[in-house]
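Worksheet for the structure shown next.
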Amino acid sequence: MSKSSQKVPLIHLSEISDNSRDKIFYAGRLEDLPPSFSEYDSSHRHSYFAVFYFSEGKGTHEIDFQNFEIEKNSIFFLKPGQVHSWKFDKKPKGFALKISPEFYLEQNEKNSELRNYPFFGYEPGLSKIILKNLPKLKSDFTRLVNEFEEGSEPKILFLLSQLILLQIKNEYDTSSELFIKKNRPVSEFQSLLEKHFLKERGTSFYSRRLCLASNTLNRLCQNILGKSAKSVIHDRVLLECKRLLIHSDLNITQICFELGFLDNAYFSRYFKKLTGVTPEQFRESGRKMQ
């Protein structure tokens, strides 16, 4: 494949380790990672779910064009397909948990179970939370890492990881920012949008699937998200446009094809209308900042 057709790199757990056990599940300490990890600023996607718990550390973590401060007792969540990169100003301490969907299949658990956690769901959620007081979490992470390093059977790793994820969920659910997710129709709309935005960009498609009138869906989005349903759709399409412009080597024509636009001229008009700049200007400006 030529460089011009390269997309955002997709990293699989199977590519990180030669150990067959590590190809679908990983638990480790952040301080044990190689020095190059502190400047892992090459944007990429994961095919797996990940949790990073920083008991100490300082730096910046960029997830889908949003910058987050890395600080003490912060936890970050990554879902398959999200683009991220980071840079540390202070060596981190903490834990990393990475779970491939195949790991759940081996335990006779459906992949959808991971999606049931609010931080791993299809709809947008918080990418970062700050732990208030969870001494048990650090202890349970330590035990999970020890069991993983000792080669314990997968069922033990599964149960310990479940315990950790449930504790994190309890902390996550207490955030007042999650009031958005309490509105089921909007949450279901965002979930449908994540699955269909490349082909379906009309409000009527989603309102029909939700058994709602289009104006009802618009009203709910306006009340909960502060914008119309059409604007929510545009925002999701625009995010993917930006991802490919900044983090891939696809040319404009290839990006048009990838995102389902009819031609370059329409894509350029669409992008400029929403951002105020052309795709080429956005790409040039974004890459100068990297």
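The values are calculated or read from the model by the stated rules, or taken from the named source; none is laboratory data. Everything numeric here is computed off the predicted structure, so don't read it as measured data. Cβ sites come from the backbone with ideal geometry, for glycine too, and all protein chains shown count toward neighbours. Areas reflect the complete protein model, heavy atoms only, side chains present, ligands, DNA and RNA absent. Shrake-Rupley method; radii C 1.70, N 1.55, O 1.52, S 1.80 Å.
Along its three principal directions, the equivalent ellipsoid of region 140-242 from the Cα gyration tensor extends over semi-axes of 38, 16, 12 Å, largest first. Computed from phi, the 3J(HN,Hα) profile of region 230-242 under the Karplus parametrisation 6.51, -1.76, 1.60 (θ = phi - 60°) reads 4, 5, 4, 5, 4, 4, 5, 5, 5, 4, 5, 4, 5 Hz, with x in place of Gly and Pro.
Net charge of the neighbourhood of LYS136, taken over other residues with C-beta under 15 Å away and scored Lys/Arg +1, Asp/Glu -1, is +2. When restricted to Cα atoms, region 215-290 yields an Rg and a Dmax of 14.0, 43 Å, respectively. Per residue, the accessible area of region 161-261 comes to 48 Å², computed with a 1.4 Å probe over protein heavy atoms only.
With a ≥ b ≥ c taken as the square roots of the eigenvalues of the C-alpha gyration tensor of region 112-173, please select rounded if a/c is under 1.5 and otherwise prolate if a/b is larger than b/c or oblate if it is not? Because a/c hits 1.5 or more and a/b fails to exceed b/c, region 112-173 counts as oblate. Modelled this way, with points 7 Å down the Cα-to-C-beta line, the labels at GLU194 and LEU259 are 2.0 nm from one another.
Could you work out the mean projected area of the convex hull around the alpha carbons of region 44-116, in square nanometres to one decimal? It is 5.1 nm².
As a calculated quantity, the FRET efficiency between ARG208 and TYR266 at R0 = 30 Å, using C-beta atoms, amounts to about 0.75.
Among the trypsin sites (Lys or Arg not before Pro) in region 78-175, those placed in a DSSP loop whose Cβ has at most 10 other Cβ atoms within 10 Å are LYS132. Of the trypsin sites (Lys or Arg not before Pro) found in region 185-265, those that fall in a DSSP loop while having at most 15 other beta-carbon atoms within 10 Å are LYS199, LYS227. When the C-alpha to C-alpha distance is required to be over 24 Å, the pairs from LYS58/LYS155; LYS72/LYS138; LYS128/LYS273; LYS128/LYS242 that qualify are LYS58/LYS155; LYS128/LYS273.
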